[in-house]
Structures are given as C-alpha cells and as structure tokens.
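Have a look at the structure below, then the notes.
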Amino acid sequence: MDHVFVESREEGWFWEVSDSEGKPSEKKEGKGAVSGLPTEGKHVFVVWQAERFKGVQFGSRAVVDLYQVAWPLVAVGAVKDRKLETLAEWCSVSHSDKTPADHARTVRECYFRLVERLRIGLKVEDVGRTLASGLADKALQMFGKLAT
C-alpha cells in the first residue's frame, strides 16, 4: 500500500507518493485546485488539516489527517497542541514552513515516525499481555493446590 502526502496552500499545492517504507516515488506540484492525485492502485492519503481540501474529492479512499491523530498526544500531555511544528519537534523531525513541498515532507516523516512508535507500543503491550496471562495461570494453579 502506497501513501500519498498532500499539502495545499494559497500559493500552491504539492503531493508525493511514498511506498510503505517512506521512499518517495512520484510527486507533483502546481497552483490552483489540487490535481493529478493517483487514482490507480491502493493508496492511503495523509494530509495535515483535511478541512483545507474541501474542493478535493478523495472519494472512498482512506484519508489520515495527522491534525486529528495528534489529539491523543495532547490528551496524555505528550505535546501541548496539534500544530505541525509541535508534532515535528516531538517526532524529532526538522521542519521548514517555506513551501508546500517542505510541509509535505514534514508530514511524511512525522507519519512514519508515529506509525513506528505505534508498532513498537503494540509489540510491548502484546509482550505484557503474554507475561500477565502466564502469571495468572501460575497463580490459579497455586491457589488451586492450596484449596485442595
């Protein structure tokens, strides 16, 4: 599954396709309405503040809005707000706000860092559940022997 990172501003727009490992393979930029978004294949569209894209039709394709994804980080106090600059700092990603291409690169790097942290967190949780399940089984066996 490829990821398409989209940025649109009054002065121009930019989109870039990256494979599942983050390697960019295709990009396009322009002025006016965003155009040329990939329609073939399986893509996840990753944007920052999707409400900016009222004129763009993503159709039934998956859209990930990092602005919305940042809410859990705010809720647990990991970051103070949902600004891209704040998320970039938390993800240790350099951020330049000069062009839509710079913004799309920052969104791409933050997205892949968040996905990696989620993957690691889920693995740690799985290990914890496995250990807890084993300990619970041993405790039940021990209490069962005491009861007889």
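Read-outs: derived from the displayed coordinates by stated rules, not from any lab. Owing to the predicted nature of the structure, the values given are computational and were not obtained by experimental measurement. Positions of Cβ are generated from backbone atoms using ideal geometry, with glycine treated the same way; all protein chains shown enter the neighbour counts.
So the values come out like this:
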item: Protection-proxy order for peptides 133-139, 4-10, each taking the mean of Cβ atoms within 10 Å per residue, highest first; result: 4-10, 133-139
item: Potential lengthening between Lys80 and Glu40 on full extension [0.36 nm per residue; Cα-Cα distance subtracted]; result: 10.6 nm
item: Proximal charge balance of Lys42 [Cβ under 13 Å; K/R count +1, D/E count -1]; result: -2
item: Efficiency of FRET from Cβ geometry, Asp65 and Lys98, R₀ 30 Å, rounded to 0.05; result: 0.85
item: Hits among lysines - C-alpha to C-alpha of Lys123 under 17 Å, sequence gap 8 or more where chains match; result: none
item: Listed peptides 21-34, 107-120, 85-98 by packing density, highest first (mean Cβ within 10 Å); result: 107-120, 85-98, 21-34
item: Ala136-Glu116 pseudo-label distance in nm [points 7 Å out on the Cα-to-Cβ vector]; result: 3.3 nm
item: Positive-end extreme of charge dipole, the chain - chosen from Tyr111, Val127, Ala70 (charges on Cβ); result: Val127
item: Highest-MSF residue in the chain out of Leu84, Leu66, Leu131 [GNM, Cα springs under 10 Å]; result: Leu131
